[in-house]
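Okay, structure first, notes after.
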Amino acid sequence: TDKVDREIEKLKKKQQELEQRLNTETDEAKIEDLERQLAQVERELKQKDNDTYRRQHTAVRRLS
């Protein structure tokens, strides 16, 4: 699960960075772009940051 944990940690850092940029951005077009990026990262985190995903990923690696 180390690979999955690293991937999740990377996504959480990206989420934090996007939230910080969003809080300081004033350009409306850039705000919309940041919001889209943030929504994508949040979807990925929701999909991957759970026990089921970790178990499936670990099971696949064991079979390889």
Of all the C-alpha pairs in the chain, what % are more than 16 Å from each other? 52 percent
Helix-derived mean residue ellipticity, 222 nm - over the chain, DSSP H n ≥ 4, -39500 (n - 2.57), to 500: -30500 deg cm²/dmol
For the chain, what is the accessible area per residue in Å² when the probe is 1.4 Å? 81 Å²
Using the Karplus curve 6.51 cos²θ - 1.76 cosθ + 1.60 with θ = phi - 60°, what ³J(HN,Hα) values do you get for each residue of segment 35-43, in whole Hz, with x for Gly and Pro? 5, 5, 4, 5, 4, 5, 4, 5, 5
Phi-based couplings in Hz for segment 49-55 (Karplus 6.51, -1.76, 1.60; Gly and Pro marked x): 8, 7, 5, 4, 4, 4, 5
Cα-centre dipole for the chain with unit charges at Cβ (Lys and Arg positive, Asp and Glu negative), debye to 20: 660 debye
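The values are calculated or read from the model by the stated rules, or taken from the named source; none is laboratory data. All values reported here derive from a predicted model rather than from experimental measurement. Note that each Cβ is placed from the backbone with ideal geometry, even for glycine, and that neighbours are counted across all protein chains shown. The protein model used for the area step is the full one, side chains on, heavy atoms only, and it has no ligands, DNA or RNA in it. Shrake-Rupley method; radii C 1.70, N 1.55, O 1.52, S 1.80 Å.
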